[in-house]
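Below is one structure; the comments refer to it alone.
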Amino acid sequence: MNIDKRLRIVSYLAPNWFGFYQAIAAYLSRILPLETQLQQSEIDPLEDPQLFQDQIDLAFICGLPLIRYSQIVYHQLQTLVAPVMASSRYHNLPIYYADVIVNARSRIQRFADLSGKTFCYNDAGSNSGYNLLCHRLLQETDPQNFFGKTIQSGFHQRSIRWVVEGLADCAAIDSVVLEQELENSPELSQHLRVVDALGPSPMPPLVVAQRLGIALIEQMRLALLQPDAELQAVMAEFGVKRFAAVELEDYQILNQIYRTRACVSLSSISGNSRK
C-alpha cells in the first residue's frame with residue numbers, strides 16, 4: 001500500500017449532493033482512521049490531469065466517463081459501492097433515470113412533442129444529460145433534425161433553471177439530482193413537469209485507486225455496506241436506503257449506449273448549437 005496519511009477525494013458529480021459526499025468522507029475518517037480531503041471538481045474527469053497522474057485516491061464519478069476512462073487507463077480505478085435510493089421507483093437497486101423535464105406551463109406532453117424545441121444539456125460527457133437522450137433519439141423518424149436548437153448549460157442545476165426561466169424548452173436531468181434540487185427548492189415543483197424517463201442506468205459509483213491495496217479497499221467497502229448511525233442519518237436526509245457493492249462491468253452498458261449513439265450528436269440534430 002502506497003498512500004500518505006490523507007485520502008484525496010474528488011467529486012465529479014452535481015454539487016447539490018456535496019453534503020452527502022462530505023458525510024462519507026467524514027465517516028471514512030472515523031473508521032480507517034485516515035484524514036480525508038474532499039473537493040468538488042470543476043473539470044471533466046477525462047480532462048483532469050490529477051486523475052491521469054493517479055493523484056486521486058477516491059472519486060464520486062458518473063458511470064459513463066468512468067467506463068470510458070478505464071478503457072484509456074487500465075487497472076487504475078476500482079468500483080467500491082453505489083447508493084441505492086429509498087424511493088420505490090428505484091426497486092431497491094443501485095440505479096437512476098434521466099428525467100426529461102419541461103416548463104409546467106408548456107403544452108408539451110410527450111417526448112415526440114419536443115421536436116423543433118430548444119434542448120439544454122449539462123455537457124456532452126454526461127450519461128443522463130446527453131448520452132441517454134441521444135440514444136433515445138435513435139427511435140425517432142428523423143433524429144438528425146429533431147431539435148430546433150441546443151444549448152450547453154455546464155451542469156444539471158443550471159439546466160433546471162433555464163427550463164424554469166424559459167431559456168430552454170426541455171432538458172434531461174439525473175433523477176436523483178432533480179429530486180434533491182426539488183427537496184432543496186420546493187417552489188421549483190410548481191414550474192416543472194417530467195414528460196419522459198430514460199433508463200434506468202447503473203448509479204454513479206464511488207471508485208478507489210487500486211494502488212491503495214486490497215486490504216484497505218475491502219475495509220472501506222465493508223464499512224460503507226455497514227454504515228454507522230451518524231452516516232445513516234445523512235443517508236436518510238438524501239433519500240439513500242443503503243449502499244450496494246458494484247463492479248466495473250456493471251457500467252459497460254453505458255459504453256454500449258455511447259457507441260450506438262455515435263451516429264447522433266446534439267450538434268448534428270439541432271439547427272443551432274452553442275454553449
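Each reported figure results from applying straightforward, stated rules to the coordinates on display, with no laboratory input. Because the structure is a prediction, the values reported are computed rather than measured. Heads up, the Cβs are rebuilt from the backbone with ideal geometry, glycines too, and the neighbour counts pull from every protein chain shown.
Taking H placed 1.01 Å from N in the peptide plane, check which residues at least 5 places from residue 173 or on another chain put their amide H under 5 Å from its amide H.
For residue 173, the qualifying residues are 99, 100, 101.
With an 8 Å cut-off on Cα pairs and a minimum separation of 6 or more residues, tell me the relative contact order of segment 56-132 in percent.
This gives 28 percent for segment 56-132.
At a threshold of 8 angstrom on Cα-Cα distance, excluding pairs fewer than six apart, so keeping six or more, what relative contact order does segment 100-221 reach in percent? Kindly include the intermediate steps, with their values, before the conclusion.
Numbers: 163 pairs, mean separation 45.4, N = 122.
Answer for segment 100-221 is 37 percent.
Would you mind calculating the gained length between residue 241 and residue 47 on full extension (0.36 nm times residue separation, minus the Cα-Cα distance), in nm to one decimal?
Numbers: separation 194, 0.36 × 194 = 69.84 nm, distance 3.26 nm.
The residue 241-residue 47 span can extend by a further 66.6 nm.
Could you tell me which trypsin sites (Lys or Arg not before Pro) in segment 91-176 are loop residues by DSSP with no more than 12 other beta carbons within 10 angstrom of their beta carbon?
105, 107, 110
Pull out a ≥ b ≥ c, the square roots of the eigenvalues of the alpha-carbon gyration tensor of segment 110-213, then state rounded if a/c is under 1.5, prolate if not and a/b is larger than b/c, and oblate in the remaining case.
On the way: a/c = 2.05, a/b = 1.31, b/c = 1.57.
Verdict is oblate for segment 110-213.
Ranked from highest to lowest mean number of other Cβ atoms within 10 Å per residue, what is the order of the peptides 19-27, 192-200?
19-27, 192-200
Helix by helix, which DSSP H runs in the chain go 18 Å or more along their axis at the Cα atoms and have an average Kyte-Doolittle hydropathy of -0.5 or more?
Taking the DSSP H segments of the chain (at least 18 Å long, mean hydropathy at least -0.5), we get 18-31.
Among the DSSP beta bridges whose two residues both lie in the chain, what percent are antiparallel, rounded to the nearest 5?
On the way: 25 of 43 bridges.
DSSP beta bridges in the chain are roughly 60 percent antiparallel.
Treat the count of other C-beta atoms within 10 Å as a stand-in for reagent exposure and order 5, 241 from fewest to most.
Going from sparsest to densest Cβ surroundings: 5, 241.
If each Cα of the chain is one equal point scatterer, what is log10 of I(q)/I(0) from the Debye formula at q = 0.09 Å⁻¹?
-0.42
Please work out how much length the chain gains when fully extended from residue 72 to residue 31, using 0.36 nm per residue of separation minus the C-alpha to C-alpha distance, in nm with one decimal.
In short, 11.5 nm is gained.
What do you get when you divide the Cα radius of gyration of segment 1-105 by 2.2 N^0.38 Å, with N the number of residues?
Dividing the Cα Rg of segment 1-105 by 2.2 N^0.38 Å gives 1.22.
Among 6, 221, which comes first, then next, by fewest other beta-carbon atoms within 10 Å?
6, 221
Tell me, what is the percent relative contact order of the chain, built from C-alpha pairs under 8 Å that lie six or more residues apart?
Working: 521 pairs, mean separation 84.0, N = 275.
Value for the chain: 31 percent.
Would you kindly state how much longer the chain becomes between residue 139 and residue 256 on full extension, computed as 0.36 nm times their sequence separation minus their alpha carbon distance, in nm to one decimal?
40.5 nm
Just to verify a number: FRET efficiency for residue 233 and residue 55, C-beta to C-beta distance, R0 = 25 Å, to 0.05?
Values: r = 32 Å, r/R0 = 1.28.
Between residue 233 and residue 55 the formula returns 0.20.
Each residue of segment 37-44 in turn: what ³J(HN,Hα) in whole Hz from Karplus with 6.51, -1.76, 1.60 and θ = phi - 60°, glycine and Pro shown as x?
So the J values, rounded to whole Hz, are 10, 10, 9, 8, 7, 9, 10, 4.
Rounded to whole Hz and in sequence order, give me ³J(HN,Hα) for segment 124-130 from the Karplus expression 6.51 cos²θ - 1.76 cosθ + 1.60, θ = phi - 60°, writing x for Gly and Pro.
Once θ is set to phi - 60°, the couplings for segment 124-130 become 6, x, 7, 6, 6, x, 9 Hz.
Just rank 9, 43, 217, 160, fewest to most, by other beta-carbon atoms within 10 angstrom. All intermediate terms of the calculation are to be shown ahead of the outcome.
Values: 9 21, 43 12, 217 18, 160 26.
Final ranking by Cβ density, sparse to dense: 43, 217, 9, 160.
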